[in-house]
1. Taking segment 11-37, which residues are at pLDDT 95 or above and exposed (fewer than 14 other Cβ atoms within 10 Å of the Cβ)?
2. Would you mind finding the one in 325, 333 that is aliphatic (A, V, I, L, M), closer than 28 Å to residue 245 by Cα and touching a residue at least 60 places away in the same chain (Cβ under 8 Å)?
3. Here are some residues: 76, 42, 66, 33. Which one is farther than 15 Å from residue 120 by Cα and in contact with a His (Cβ under 9 Å, 6 or more places away or on another chain)?
4. Across segment 163-188, what is the total count of residues that are surrounded by 17 or more Cβ atoms within 10 Å (Cβ to Cβ) and assigned to a loop (DSSP other than H, G, I, E, B)?
5. Just name the residue that is farthest from the ligand (Cβ to nearest atom) out of those in segment 190-221 that are loosely packed, with under 15 Cβ neighbours inside 10 Å and among the polar types (S, T, N, Q).
6. Within segment 230-285, work out how many residues are within 8 Å of the ligand (Cβ to nearest atom) and among the β-branched types (Val, Ile, Thr).
7. Which of (1) of a type in the set (Phe, Trp, Tyr); (2) free of Cβ contacts under 8 Å to residues at least 40 places away in the same chain; (3) closer than 25 Å to residue 15 by Cβ is the odd one out, the single condition residue 166 does not satisfy?
8. Residue under question is residue 330, and the condition is that it be over 23 Å from residue 194 (Cβ atoms) and either charged (D, E, K, R) or touching a helix residue (DSSP H, G or I) at 6+ places or on another chain (Cβ under 9 Å) (or both); does it hold?
Amino acid sequence: MKLLKDYPLLSYNTFGIDVRAARFLEYQSEEELQAFLLEEGLEASYLHIGQGSNLLFTKDFEGTVLHSCIRGVEVLEEDDRRVHVRVGAGTLWDDFVSCCVSRGWYGAENLSLIPGEVGASAVQNIGAYGVEVKDLIEAVETVDVHGIRRVYAGETCGYAYRDSIFKRPDMKQVFVTRVRFSLDKTPCYRLDYGSIRAELAKHPVIDLPTIRRVIVDIRQAKLPDPKVLGNAGSFFKNPVVPRRQFETLLQQYPGMPYYELDADRVKIPAGWLIEQCGWKGKALGRASVHLRQALVLVNLGGATGHEIVALAEAVVASVYDRFQIEIHPEVNII
Ligand code: EPU
C-alpha cells in the first residue's frame with residue numbers, strides 16, 4: 001500500500017490539470033483497503049478515482065484520493081456458449097477489451113479504446129457504438145468506507161444512460177473493487193451504429209480483431225488523444241427532449257441527427273447542437289471545443305479547471321439561447 005502526502009494528480013487526470021491531493025492512497029487488494037479503512041479510516045473528504053478520464057479538477061483536493069491497483073482477469077466459469085469473468089477495478093478498460101478480443105470473447109469489442117479503468121466503467125456505465133457496459137455486467141463487487149464487502153447484482157445497480165446507483169451522493173462511500181462480466185463465445189456483433197458497417201465493408205472478413213480495428217480507427221479519427229491534447233471524452237451528455245419540441249426542431253433543421261428513445265422522448269447529439277452554435281474549434285483562453293467533435297472540450301496546454309468550466313458554461317448558455325435545450329456535463333467537476 002502507498003500513502004503519500006501532497007501528491008501531484010497531473011498524471012491521474014486526462015484533462016492534464018495540474019493539481020495536488022493532500023493525501024493519496026493506492027492499494028493492491030481488497031484486504032489492504034479493508035485493513036486501512038478499519039485501522040486508520042478516512043476523514044470526511046475523499047474521492048476514489050480510476051484513470052481520471054471523466055474528471056475535471058478545479059482546485060487542489062484537500063482530502064484523500066484513493067486509487068485501486070487491483071488488476072487482472074480471472075475466469076470464474078465457462079461453457080461452450082458463455083464465459084463469466086471477474087476483473088480487477090484497476091485494470092485498464094481497453095486492456096480488458098483487448099484480452100476479450102484475443103481470447104475470442106464477444107460483447108466488449110464496440111467499447112474499444114474507451115479511456116479509464118474497469119471500476120469506473122461500472123460506475124459510469126460507459127457506452128459507445130450501440131453498446132453499454134451494463135449489457136455485459138453480471139455483478140459489481142465493492143468495499144464500503146467501513147470496510148464492509150458487498151456484491152451488487154447487475155440488475156440492482158440502477159443502470160441508465162451514463163448513470164448508476166454508484167453515482168448517487170449517498171453511494172460515494174462505496175468503492176468498486178472488481179466487476180463480473182458475462183461474455184459470449186459465439187459471434188454476436190452489433191454493427192448498426194453510424195458508419196461501422198460501411199467501414200467494415202472495406203475489410204475482407206468480419207471478426208473480432210477487425211471490429212476492434214474499425215472502432216479504434218473511427219475513434220482515433222474523431223476523438224483527441226489525451227496524451228497529446230488533455231480531454232475527458234464527451235464533456236456533455238446528449239440531451240433528451242420531448243417529442244413535440246423535437247418535431248418543431250426537425251422542421252427547422254431537417255438534417256438534424258437524432259436517436260429515437262420511446263413514444264415521448266428523442267435524444268439529440270449535443271455535439272451537433274454545439275456545432276450549430278458555431279463553437280467547433282473555438283477557444284476561450286487555453287480551453288477549446290475540439291475541432292473534429294464538438295462534444296469534447298480540450299486543454300490546449302496549461303489550462304486551469306476554471307478555464308475549462310468557463311468554456312463549458314459559455315457553450316451551455318449558447319445552446320440554450322439558440323435551441324431552448326439544457327445540456328449537462330457528463331464529466332464530474334471537482
Ligand atoms: N455531430 C455533429 N457535430 C459534432 C459531433 C457530432 O454534427 O461535432 C453529429 C454526428 O455527425 C452524428 C451525431 O452527432 O450524426 C452523433 O455523433 P457521434 O457518433 O460522434 O456520437 P455522439 O452522440 O456525439 C456518443 C457518446 C460517445 C461515443 C459515441 C459513439 C455521449 C455523451 N457520447 O457521442 O462517448 O463514443 O456516441 O457511440 O453519449 C464519451 O462518453 O466520452 C464518448 C466519447
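1. Within segment 11-37, 31 is the sole residue that qualifies.
2. After applying the criteria, what remains is 325.
3. 76
4. Adding up the residues that qualify gives 1.
5. That would be 220.
6. 1
7. (2)
8. no
The values are calculated or read from the model by the stated rules, or taken from the named source; none is laboratory data. Just so we're clear, the structure is a prediction, and the values are computed from it rather than from any experiment. Backbone-built Cβ (ideal geometry, glycine too); neighbour counts: all protein chains shown.
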